Each structure stands twice: as structure tokens, then as C-alpha cells.
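A.B. asks: Shown below is the structure under consideration.
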Amino acid sequence: QVQLVESGGGLVQAGGSLEVSCAASGLTFSMYDMGWFRQAPGKEREFVASISWSGVSTHFADSVKGRFTIFRDNTKNTVYLQMFSLQPEDSAVYYCAARQRGQTTYDFWGQGTQVTVSS
């Protein structure tokens, strides 16, 4: 009964910003690392960003480093992805995922939220 629900996607113009969020339930949130992935039509799913269970450690894909930031609020069981200077190539369905501490793969995935960047 773990559930990850993304929200905040939408349509923005190139150069604009969006914040997407992922609310988790059915798990002890602070025991999980959280990640964001994205998938565009005809493309494979790719890693975007991750944050450790405590928020101390973060990682970003080279394609978004310097433009995106990830943070979490463990009191709200929510992880956020702030996206700036968006470009059309950022258009994709954005998914959040949860990885239990000590594991290397993500166990749970959300349904995704669509982000579309127009030029």
C-alpha cells in the first residue's frame, strides 16, 4: 500500500520554471532515499536527481545540474524537484521513486506528472 503521488506538472514556456512534488504514504519516509526520473516519448527513462534519506546527499544528471534542485521535507513526507531555465528537451513525464536505505534499486514508483516546455 505504498503510494507515491506526483503533482505540479504543466505547460510552461522555454526559460520558465516549475516545481513538481511527490507525496509519499504507506512507508516510513525517512527510511528511503528518493529519486526523480523522466521519460519522453520514444525515449528511455532517465535519471534526473536523487536525495538521500536525510537530505544530506544529492545527485544530479549532467543535463540538469545547475538548473534543477531537489529537496525533501520529512515532516510532510514530500520530495520536491524545482526546475529552472526549462528547455523543450526537458519535456517528459516526471516520476518519483523510493529506494530503501541500503539498497541500490528503487522499489516504488509514482504515476508520473507531465511537464511540457514550449518554444
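A.B. asks: Failed condition for GLU44, given (1) surrounded by fewer than 16 Cβ atoms within 10 Å (Cβ to Cβ); (2) under 16 Å from ASP107 (Cβ atoms), with all others met?
C.D. replies: (2)
A.B. asks: It is to be established whether one or more residues within the stretch 71-83 are closer than 21 Å to GLN114 by Cα, in contact (Cβ under 8 Å) with a residue 60 or more places away in the chain and not aliphatic (A, V, I, L, M). Reasoning before the result, please.
C.D. replies: First, the residues of the stretch 71-83 that are closer than 21 Å to GLN114 by Cα: 71-72, 78-83.
This time we only want the ones that are in contact (Cβ under 8 Å) with a residue 60 or more places away in the chain, so: 80-83.
Of the ones still in play, those that are also not aliphatic (A, V, I, L, M) are 80, 82.
Yes, the conditions are met somewhere in the stretch 71-83.
A.B. asks: Find the residue count for the stretch 54-68, including only residues that are open to solvent by less than 50 Å² (accessible area, probe 1.4 Å) and β-branched (Val, Ile, Thr).
C.D. replies: Qualifying residue count, the stretch 54-68: 1.
A.B. asks: Considering only residues that are open to solvent by less than 40 Å² (accessible area, probe 1.4 Å) and of a type outside the set (A, V, I, L, M, F, W, C), which ones fall in the stretch 81-91? I'd like the intermediate steps shown before the answer.
C.D. replies: Step one: of the stretch 81-91, the residues open to solvent by less than 40 Å² (accessible area, probe 1.4 Å) are 81, 83, 86, 90-91.
Result: ASP90, SER91.
A.B. asks: Report the residue count in the stretch 50-71 for those that are within 17 Å of ARG99 (Cα to Cα) and touching a Leu at 6+ places or on another chain (Cβ under 8 Å). Break it down stepwise before answering.
C.D. replies: Start the filter on the stretch 50-71 by keeping residues that are within 17 Å of ARG99 (Cα to Cα), which leaves 50-60, 70-71.
Filter again for touching a Leu at 6+ places or on another chain (Cβ under 8 Å), leaving 70.
Going through the stretch 50-71 one residue at a time, the tally reaches 1.
A.B. asks: Hey, can you tell me all the residues within the stretch 38-52 that are of a type outside the set (D, E, K, R), at negative phi and not in a strand (DSSP E or B)? I'd like the intermediate steps shown before the answer.
C.D. replies: As a first pass, look at the stretch 38-52 and keep what is of a type outside the set (D, E, K, R): 39-42, 47-52.
Next, only the ones that are at negative phi stay: 39-41, 47-52.
Answer for the stretch 38-52, where residues must be of a type outside the set (D, E, K, R), at negative phi and not in a strand (DSSP E or B): ALA40, PRO41, SER52.
A.B. asks: Looking only at the stretch 92-118, filter to residues that are open to solvent by 60 Å² or more (accessible area, probe 1.4 Å) and in contact with a strand residue (DSSP E or B) (Cβ under 8 Å, 6 or more places away or on another chain); which one of those is modelled with the lowest pLDDT?
C.D. replies: In the first step, residues of the stretch 92-118 are kept if they are open to solvent by 60 Å² or more (accessible area, probe 1.4 Å); the result is 100-105, 107-109, 111, 114.
In the following step, the residues that additionally are in contact with a strand residue (DSSP E or B) (Cβ under 8 Å, 6 or more places away or on another chain) were identified as 100-101, 105, 107-109, 111, 114.
Values: GLN100: 96, ARG101: 92, THR105: 96, ASP107: 95, PHE108: 98, TRP109: 98, GLN111: 98, GLN114: 98.
Per the stated criteria, the residue is ARG101.
A.B. asks: Collect the residues in the stretch 20-35 that are exposed (fewer than 13 other Cβ atoms within 10 Å of the Cβ) and either aromatic (Phe, Trp, Tyr) or in a strand (DSSP E or B) (or both), keeping them in residue-number order.
C.D. replies: Matches in the stretch 20-35: SER25 only.
A.B. asks: Ok, one more. Report yes if some residue within the stretch 70-78 is at pLDDT 95 or above, in contact with a Gly (Cβ under 6 Å, 6 or more places away or on another chain), outside any strand (DSSP E or B) and open to solvent by less than 40 Å² (accessible area, probe 1.4 Å); otherwise report no.
C.D. replies: Checking the stretch 70-78: not a single residue is at pLDDT 95 or above, in contact with a Gly (Cβ under 6 Å, 6 or more places away or on another chain), outside any strand (DSSP E or B) and open to solvent by less than 40 Å² (accessible area, probe 1.4 Å).
The values are calculated or read from the model by the stated rules, or taken from the named source; none is laboratory data. Just so it is clear, the structure is predicted and the values come from calculations on it, not from any experiment. We place every Cβ from the backbone using ideal geometry, glycine too, and count neighbours over all the protein chains shown. Accessible surface is based on the protein model in full, side chains and every heavy atom, while ligands, DNA and RNA are left aside. Shrake-Rupley method; radii C 1.70, N 1.55, O 1.52, S 1.80 Å.
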